Amino acid sequence: MDAGHTSVCPALIRSATSEDRLYSEKLILGMEAMIKLNINLAERSYPIYITSDYNSIGKSLASAKISGRIVVVTDSNVDRQQACDFMEALGNAGCNVEKYVIPAGENSKNLDIIKGIYQYLIEKKLDRGGTLIALGGGVVGDITGFAAATFLRGINFVQVPTSTLAQADSSVGGKVGVNFENKKNIIGAFYQPKFVYMNVNTLKTLPRREFQAGLAEVIKHGIIMDPDFFNFIDYNMKKILSYDIDVLQYIAKQNCTIKGNVVEQDEKESGLRAILNFGHTIGHAIESAKNFELLHGECVSLGMAGAFKMARHLDMVNDETVARAVRVLESAGLPVRLPGMSVDEVYEHLFYDKKIKNNKLLFILPKKIGEVVQLTIEDTALIRKVLTELF
Ligand SMILES: NC(=O)c1ccc[n+]([C@@H]2O[C@H](COP(=O)([O-])OP(=O)(O)OC[C@H]3O[C@@H](n4cnc5c(N)ncnc54)[C@H](O)[C@@H]3O)[C@@H](O)[C@H]2O)c1
Ligand SMILES: [Zn+2]
């Protein structure tokens, strides 16, 4: 993964040591306009731009040699909060652009919405030189990407993620798709965007609970791969929660670097990419047992707390490491216990997971902060014990 910085202080270009990341203000002080990273996937390679406004969208489109007609797909909330500024930036860049708005929320992630997008594109006579831009969270990104992957056998696709989860996770990696017959993400494709454009300032209009829930995936990235990044998050939590733009840009950069590295090594999820599911085994089970009342990141936080507890019982980590992980999750305002939840119900949902092999549960467990391993856990008493400790 190459980090090309368009206009960032030289201190960021060298690789940071644990100590100077801890005292990060020095490192990120003076960070300006735009950071550029590259996801290297042969002919599907693409850049990610991390910035704090929409002003460079025209330049980014030109670099990707995108000049045809553009349809921006967004949802009703993002339309109210962000679309005006975004459309203005596209207009200033002289783009020929239209907007298609879908209802906000996970319920929109279905084939009827896709059908509506296809009909709109046909009505507008979008041709193979056309481009779909996803302006929104993970829902808009997944839907728009799927429409772009399939319309005319594939047209240009650009991601402009506006939620913490989308900036940390869903906009990088090329997984697109919809839910079908109550099964999440069961229909989809791997379809990489031409580029990803992240304006971290968009996080300010995101509902606070959504903002914090997305931090679970950020903390996850530190735990699975990068202890220095975990330290950085721990040390800078107050700044993160007060939307310090330099800190948010640095965090976006590290998220994309970590997720990008994993995706570069395992684009189609045949091995390494599984570590991104840290916290998701128990997390997904809680999410469906609670009927999606809790946000995904909140469930992943509970799942990560559970994974640390399980690793402790298996003597893989010590009490201090568990306490530290739990403390950082709590400092982000994330849940680490869910009193009153039924152990039986969550236990049952654990076995519905589509990633289950031969009815054996696969867990990603921490060896330390910065390293995880994938293990099959057959000890059902241990699984129940961990759930009891969580609820
Ligand atoms: N493709 C992948 O690799 C991948 C990875 C993880 C999750 N996902 C998918 O992502 C989806 C969840 O994404 P999400 O958490 O972003 O949900 P979301 O897209 O529903 O966004 C959450 C809420 O915030 C609103 N919102 C988004 N940005 C906003 C902004 N800047 N200002 C105001 N409101 C804003 C949305 O309208 C919505 O109400 C799920 O469908 C999940 O399956 C995909
Ligand atoms: Zn997740």
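The values are calculated or read from the model by the stated rules, or taken from the named source; none is laboratory data. Model, not experiment: these values are computed from the prediction. Note that each Cβ is placed from the backbone with ideal geometry, even for glycine, and that neighbours are counted across all protein chains shown.
Worth a mention:
- Among the numbered conditions (1) without any contact (Cβ under 8 Å) to a residue 60 or more places away in the chain; (2) buried (at least 21 other Cβ atoms within 10 Å of the Cβ), the only one that Q192 does not meet is (1).
- Any hit, region 148-157, residues being buried (at least 24 other Cβ atoms within 10 Å of the Cβ), at pLDDT 95 or above and away from ligand 2 (no atom under 16 Å from the Cβ): yes
- So E298, is it in contact (Cβ under 8 Å) with a residue 40 or more places away in the chain, surrounded by fewer than 16 Cβ atoms within 10 Å (Cβ to Cβ), touching a Gly at 6+ places or on another chain (Cβ under 9 Å) and within 28 Å of R209 (Cα to Cα): no
- Among residues of region 154-182 that are on the phi > 0 side of the Ramachandran plot, those with a beta-carbon under 6 Å from a residue that is among the β-branched types (V, I, T) at least six positions away or on a different chain give the pairs G173/V263; G177/I187.
- Figure legend. Inter-residue proximity from region 126-144: first residues farther than 23 Å from E88 by Cβ, second residues hydroxyl-bearing (S, T, Y), beta-carbon distance below 8 Å, spacing 6+ or different chains. Indicated pairs: G129/S67; G138/S163; G138/S170; G138/S171; V139/S108; D142/S170; I143/S108.
- In region 217-244, the residues that are free of Cβ contacts under 8 Å to residues at least 40 places away in the same chain reach residues that are assigned to a loop (DSSP other than H, G, I, E, B) with C-beta atoms within less than 8 angstrom, at least six apart or across chains, in these pairs: D244/N236.
- In region 289-337, the qualifying residues are those that are under 24 Å from E106 (Cα atoms) and among the acidic types (D, E), and the one that is farthest from ligand 2 (Cβ to nearest atom) is E293.
- Inclusion of V97 among residues that are of a type in the set (A, V, I, L, M, F, W, C) and within 16 Å of ligand 1 (Cβ to nearest atom) is not warranted.
- Checked across region 373-382, the condition of being at negative phi, surrounded by 23 or more Cβ atoms within 10 Å (Cβ to Cβ) and at pLDDT 95 or above holds for no residue.
- Taking (1) in contact with a strand residue (DSSP E or B) (Cβ under 6 Å, 6 or more places away or on another chain); (2) within 16 Å of ligand 2 (Cβ to nearest atom); (3) closer than 23 Å to L61 by Cβ in turn, T144 satisfies each apart from (2).
- Qualifying positions in region 306-324 - among the small types (G, A, S), within 15 Å of F230 (Cβ to Cβ) and buried (at least 19 other Cβ atoms within 10 Å of the Cβ): A307
- Test for N199: is it over 22 Å from M304 (Cβ atoms) and touching a strand residue (DSSP E or B) at 6+ places or on another chain (Cβ under 7 Å): yes
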